[in-house]
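Values quoted throughout were computed directly from the atomic coordinates according to the rules given, and no laboratory measurement underlies them. Keep in mind the model is a prediction, meaning the values are calculated, not measured. Backbone-built Cβ (ideal geometry, glycine too); neighbour counts: all protein chains shown.
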Number of protein chains: 2
Amino acid sequence: MTIAVIKDVLGGRYAEGSTVTVRGWVRTRRDSKAGISFINVHDGSCFDAVQAVVPSNLPNYSNEVTKLTTGCAVIITGTIAASAGQGQAFEIQATTVEVVGWVEDPDTYPMAPKRHSMEYLREFAHLRPRTNITGAVTRVRHCLAQAVHRFFHERGFYWISTPIITTSDAEGAGELFRVSTLDLMNLPLTDEGKVNFKEDFFGKEAFLTVSGQLNVETYACALSNVYTFGPTFRAENSNTSRHLAEFWMIEPEVAFADLEDVAKLAEDMLKYVFNAVLTERADDMAFFAERIDKEAITRLQHVIDNNFVHMDYTDAVEILKNCGKEFTYPVEWGTDLQSEHERYLAEEHVGAPVILKNYPRDIKAFYMRQNADGKTVAAMDVLAPGIGEIIGGSAREERLDLLDKRLEEMKLPKEEYSWYRDLRRYGTVPHAGFGLGFERLVAYVTGVQNIRDVIPFPRSPKNAEF
Amino acid sequence: MTIAVIKDVLGGRYAEGSTVTVRGWVRTRRDSKAGISFINVHDGSCFDAVQAVVPSNLPNYSNEVTKLTTGCAVIITGTIAASAGQGQAFEIQATTVEVVGWVEDPDTYPMAPKRHSMEYLREFAHLRPRTNITGAVTRVRHCLAQAVHRFFHERGFYWISTPIITTSDAEGAGELFRVSTLDLMNLPLTDEGKVNFKEDFFGKEAFLTVSGQLNVETYACALSNVYTFGPTFRAENSNTSRHLAEFWMIEPEVAFADLEDVAKLAEDMLKYVFNAVLTERADDMAFFAERIDKEAITRLQHVIDNNFVHMDYTDAVEILKNCGKEFTYPVEWGTDLQSEHERYLAEEHVGAPVILKNYPRDIKAFYMRQNADGKTVAAMDVLAPGIGEIIGGSAREERLDLLDKRLEEMKLPKEEYSWYRDLRRYGTVPHAGFGLGFERLVAYVTGVQNIRDVIPFPRSPKNAEF
């Protein structure tokens, strides 16, 4: 018995006339008047289902085959034949159809074969991988993740798993989830009446990480080229289509690199992974272009084909002030750009991805490298047409005196950063890196509007089901 | 200026006489009486450092070069020359040595070039990647992670990121970390005086996941072949060399598969990743074999070269009872095997990896598929010589009536598992999978005794520093 995956059947791996067995789930069933049934079977190996042609002389034809509904699990054996049908080269002439699992009460099956809203599908996050769209998102997500790992591996980067549970707040940004095993109904208190975290599991107040950057810098300052790819967390009460409480981040960090080096790295990485997805997931991308966003493929191809345009923040502010366009938020040097500004620059002014560089020091994190002008830092954002900011990065301040000055100015406790400061005390090197939110990448590639639909089980305020 | 990574210099990528620039950190410096210095420079790209031969006529020779100490960051340009020295084919005849970062007070530099204990290095987790051993562990860990992703990708598996924050306790095992944003000094209470988790971020009591299995089953029952590779958590108060509070797990899940199928998958996977590490990280493995565990290479080769031996739990109990060996813990049918039993079976009785199968139902989780004998379940453990259990897996109970019976017997709340039960109501299929603790794999491969030394920033009771 040759067990075949449907991708191989449709891809012509098996000669006409050979016998194969496919295993999967029924997408649709259609019975012809001539007394045969057409069953579309799906196994997740590619976008398309394969058509099995089932003759009425099978012993279980009338009592089972004609009762199959969407979602039933089947094992079908038959011979490969050229298909006269719609666009597919091969089909299966079934000789046996084994029903492995029925659908209980097909009329109430939540994934019945009709168009469901994305909101509805989100309520059935455990069943939505059975739909075309979530199946396609899953394969594209997988392809992108593999391509990210491959890209860095080929360039000599090592994957570093930075800690998820941490006792430091890397960005000083607040909005942290506390991790604890304390009994809430019986909290240990200090003499001053505060919670005594010495009694907690880690002997200290602990949180979920917001970024692996500071930790991964310790590895860059020893092994040169490293990256993280892991979950990060924000306890932000943001109920938007761009925010998740739990999301995956990719954070490369490069020793002896400056901002230009990592800007180039970001451009190379995006082109590499977009190429991978257009090549390896052409079937799923065709679906996204047809059903979700007609620019899905052309947008990626456009990024691949064009050089990213580098622009100084200061120049961008001038462009925005003089472009004659009305923005909701005013633009002034020293303020952060809003999504409308970023999109204007990338989409209208340049018409290609833009790397904005050298932001005002006062709106950026303490660790960013200070430029000679005394006003800006070597930070960058990569702005992509159609989405805005997709990557943020910077050179890191490797000069201890300047770093300490920033910590003081920002009133951050120096002793909390003693290990981070050690990197500057012992063989310090210029280094730089960036962060890419993986779900934003998947949303950008697929054209799916809401980030909650590109991660298997989204977590957001008031929602951590399943 | 040709920037070269040291791996390429030592590997002969550059012809003798060509000029290259290397960037990295000083391992050692030796000054000869003839007035030249030998500086070993390391950049993490491979195990070895490259030797730079620095003549005394460089302008900064006496005021900088002769003051270099371990850990200083340097950029050295010079010509490639055949090396007369110890075992390396090439060295660099330096023409310039730029000191990028000094080591502040070399006498107190924590990573001074001497043998440090593993316990000492753990206290300097931010600096230990600079040591030979942590560098080698990091490269091997990276190689194993890449090989795992590649293995599953080549076989048509999709990577699924199952949630880290969850409101269900997958295994019903307790030992959970709570995730919360509630103000501990001002806890909201219900009318009954209990903590009101409706007011918490997720509107429910939430925890860190102990396993992605139940979640990933939902994807296997739609896309056939899937796997997780992500962090998992146990709030166990175990201060042992084999336990971490935060560790990475790999959990493949396969539709239409039985226990034999995933036993074969586990064997194939281990052989694949061991092959990868012996091929791609021969330098680091040679170090482990020389300095940490002389069996490091032969142990892996032995696993690759031998078929795994399958054995029933029931037969194993008979063997253990009759082997004449004195164990600390007695063996009786119906009890879990201890590490001493597992190691006897793999190391002494068989002398190869053993796959123990069909364990007593009452010592296993609710989701394991019940065998026809009414006493055992289709569970397996892979026992490896030298470490004991390295993989645990099972077929999953796909029959709703039998699953429900187990939930009742184990007093687990059926409504909590409604989404898991849905997989059995709608097109259920036999499926199976296993879990592999990634850090145990890295420890097994490297021979490093304590699992805290194979993860960058280990988390354990009273310890979440950095």
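Using +1 on the beta carbon of Lys and Arg, -1 on that of Asp and Glu, and nothing else charged, what's the dipole of the protein assembly as shown about the Cα centre, debye to 20?
Using only the charged Cβ atoms, the result is roughly 1040 debye.
What list do you get for B:Ile363, A:Ile133, B:Ile292 if you sort them by fewest beta carbons within 10 Å?
B:Ile363, B:Ile292, A:Ile133
List the residues whose amide H sits under 5 Å from the amide H of B:Thr95, counting only those 5 or more places along or on another chain, with H placed 1.01 Å from N in the peptide plane.
Those qualifying (amide H under 5 Å, at least 5 residues apart or on another chain) are B:Thr77, B:Gly78, B:Thr79.
List the distances, in nm to one decimal, from the label point of B:Val309 to the label points of the same position in every other copy, shortest first, placing each label point 7 Å from Cα along the Cα-to-Cβ direction.
Label point to label point, same position, other copies: 7.0 nm.
Sort B:Tyr219, A:Tyr367, A:Tyr61 by Cβ crowding within 10 Å, fewest neighbours at the top.
Lowest count first: A:Tyr61, A:Tyr367, B:Tyr219.
Going 7 Å from Cα along the Cα-Cβ axis for the label, what nanometre distances separate A:Gly374 from the same residue across the other copies?
8.9
Arranged by the count of other C-beta atoms within 10 angstrom, fewest first, what order do B:His349, B:His142 take?
The fewest-first ordering by Cβ neighbours comes to B:His349, B:His142.
Return one number: the angle in degrees, 0 to 90 and rounded to the nearest 10, between the long axis of the Cα atoms of helix B:282-291 and the longest principal axis of the Cα atoms of chain B.
It works out to around 90 degrees.
Please list the non-local residues whose amide H lies under 5 Å from the amide H of A:Ile391, H modeled 1.01 Å from N, same-chain partners needing a gap of 5 or more.
A:Val382
Suppose a student asked you for the relative contact order of chain A, using Cα pairs under 8 Å spaced at least 6 residues apart; what percent would you report?
Reported relative contact order: 13 percent.
How fast does the protein assembly as shown diffuse by Stokes-Einstein, in µm²/s, taking the Kirkwood radius from C-alpha pairs at 4 °C and 1.567 mPa s?
After rounding, the answer is 43 µm²/s.
Let me make sure I get this right: for the stretch B:256-377, a, b and c are the square roots of the gyration tensor eigenvalues over alpha carbons, sorted descending. Under 1.5 in a/c it's rounded, otherwise prolate if a/b > b/c, else oblate. Which is it?
oblate
I need to check one value: relative contact order of the stretch A:2-101, counting alpha carbon pairs closer than 8 Å and at least 6 residues apart, in percent.
Relative contact order of the stretch A:2-101: 31 percent.
Step through the table entries B:Lys411/B:Lys462; A:Lys114/A:Lys294; B:Lys264/B:Lys364; B:Lys67/B:Lys114; A:Lys7/A:Lys271, compare each Cα-Cα distance with 23 Å, and write down the pairs that go over it.
B:Lys411/B:Lys462; A:Lys7/A:Lys271
What is the distance in Å between the Cα centroid of the stretch A:23-86 and that of the stretch B:177-246?
Value for the Cα centre distance between the two parts: 41 Å.
May I ask which residue of B:Leu265, B:His243, B:Val254 lies farthest towards the positive end of the charge dipole of the stretch B:231-286, with charges of +1 (Lys, Arg) and -1 (Asp, Glu) on Cβ and the Cα centre as origin?
Going by the charge dipole, the pick is B:His243.
Tell me, Kirkwood radius of chain B from alpha-carbon pair distances, in Å?
One decimal place: 25.5 Å for the Kirkwood radius.
Where the label is 7 Å out from Cα toward Cβ, how close does B:Tyr329 come to the same position in every other copy, in nm, shortest first?
5.8
Round to the nearest 10 and give me the degree value, 0 to 90, for the angle of helix B:400-409's Cα axis relative to the longest principal axis of chain B.
90
Roughly how compact is the stretch B:2-101, stated as its Cα Rg over 2.2 N^0.38 Å to two decimals?
0.95
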